[in-house]
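Right, one structure below, let's go through it.
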Amino acid sequence: MLYVRRFVLFFLFLGALLKLQAQHTGEANYDESKVPAYTLPDVLKTTANLDVRTKTTWEQVRRPEIIKLFEENVYGQMPKAVDRLTYSVTRETASAMAGKATLKEVLIEVVHNQKLVKINLVLFVPTKLKVPAPVFLLINNRGKENTDPTRAHKSDFWPAEMAIDSGYAIAAFHVSDLAPDDTARYVNGMLQLYPEQVTATNGMRAIGAWAWGASRVLDYFEKDPAIDARKVAIVGHSRGGKASLWAAAEDQRFAMCFSNCSGNTGAALSRRRFGETISRINTVFPHWFAKNYKKFNNNEDSLPVDQHMLLAAIAPRPLYVTNASKDLWADPRGTYLSLKTASRVYTLYGIDANLPANPPGINQPISNASLGYHIREGEHNLTAYDWNNFIKFATVHFNK
Ligand code: GTR
């Protein structure tokens, strides 16, 4: 009997040891059967345990509460005050893309606490449009050549010609203008304007800084008569897709949001611990999220939020998220379930997204409801296929 007990204890011990090791080596789980049982925080129950049954309660109580929880525990504060925002068009070409577009390169300068941050915006506007243009704004987390204003270099990461041909303006800024994507240098951007954020446990870091930058570009759009500032779609891929969600959740002026392969601390549910985990993301990218977020390393169940609540905070605005079939790191199933769970909040607005219980097949986009989704065949990337579906979705929902 004693032997049996020792035997069992030994295996329990071994199991715990292996689990610990997996956590430390960052070994990811890709086995659906090993997803632990979890309970998501109820998006429609306030922290005081009240049921949210109307959009008024959602807007006045639950939504602000959720934004605060994300600020406090995940992305950090979002400073609202700026002393001055000015902009200047540094180059304008009326005959870009063989006359199909006007190119504007805009320098947006934001001053606060006597410190300055410069955001360089590249913007193409369709010439044939006689009304202010709806616009796609990309948070560019890849090389600057992807948004080449001369169009000598063309890239599917930002297919400007495709947008122009479809009657949309398209714009981009680079994340490094706001916060260089580096564990040490991330402070050398907009955080110089808000140094208190760097030391605060609930202070913003790079992802927050990129989202903040998107809002400053939107401030500019509100002043550009060529742009319809009520039709700004924010777009991001991967780490940029985490930022596009946070930007849209925080700033309700964004009319639409696209989050491509955003994965952990983007659209995917953290509690599933499938693919990338909170502990791994905080270890490899300690400069992305608030210090407080590290409390949840290997401790997902104690988070007062999960990512479905971030998506829900975008309601009732149209939201489209994606995955790629070979990008298990970003947990496609967990992304879809997150969207499906967020749809409960859209129902408060009379929007029945009618999302099936299980994710659709590969290359079978869902785009007729306000919550759109596709899983594209292939790798972790932002491609012409993705953009093509973004444009279709925007056309349906901007014209409603
Ligand atoms: C990965 C990271 C992901 C995602 C990706 C990217 O290394 O683990 O969360 O952000 O980078 O941005 O391409």
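The values are calculated or read from the model by the stated rules, or taken from the named source; none is laboratory data. Predicted model only: the values in this text are computed from it and were never measured. Cβ sites come from the backbone with ideal geometry, for glycine too, and all protein chains shown count toward neighbours. Ligands, DNA and RNA are stripped out before the accessible areas are found, and what is left, the full protein with its side chains, is counted by its heavy atoms. Shrake-Rupley method; radii C 1.70, N 1.55, O 1.52, S 1.80 Å.
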- Query: So how do 92-98, 257-263 stack up, highest first, on mean other-Cβ count within 10 Å?
  - Reply: 257-263, 92-98
- Evaluate the distance, in nm, between pseudo-label points positioned 7 Å from the Cα of residue 57 and of residue 291 along their respective Cα→Cβ axes. 3.7
- Message: Given points 7 Å out from each Cα along the Cα-Cβ axis, report the residue 90 to residue 230 separation in nanometres with one decimal.
- Response: 3.3
- Query: Mind ordering 108-114, 378-384, 240-246 by average Cβ neighbours within 10 Å, highest first?
  - Reply: 240-246, 378-384, 108-114
- Task: Pop the C-beta distance of residue 100 and residue 326 into the FRET formula with R0 = 35 Å and round what comes out to the nearest 0.05.
- Result: 0.50
- Message: I need the calculated FRET efficiency for the pair residue 31 and residue 368, taking r as the beta carbon distance and R₀ as 22 Å, to the nearest 0.05.
- Response: 0.05
- Quarter of the surface of the C-alpha convex hull for the chain, i.e. direction-averaged projected area in nm², equals 21.6
- Message: Students sometimes get this wrong: rank 151, 333 by accessible area, probe 1.4 Å, all chains present, largest first.
- Response: 333, 151
- Roughly to the nearest percent, how much of the accessible area of the chain is carbon and sulfur, given a 1.4 Å probe? 54
- Task: At 1.4 Å probe size, with no ligands or nucleic acids counted, give the accessible surface of residue 273 in Å², nearest ten.
- Result: 60
- Task: Find the accessible area per residue for the chain; the probe is 1.4 Å, ligands and nucleic acids are left out, and the unit is Å².
- Result: 42
- Gain in span if fully extended, residue 298 to residue 399, counting 0.36 nm per residue against the direct Cα distance: 31.9 nm
- 376, 84, reordered so the largest accessible area comes first (probe 1.4 Å): 84, 376
- Task: Find out how many positive minus negative residues lie around residue 45, taking Lys and Arg as positive, Asp and Glu as negative, among other residues whose Cβ is under 12 Å from that of residue 45.
- Result: 0
- segment 116-195 and segment 295-367 have their Cα centres apart by a whole-number Å value of 26
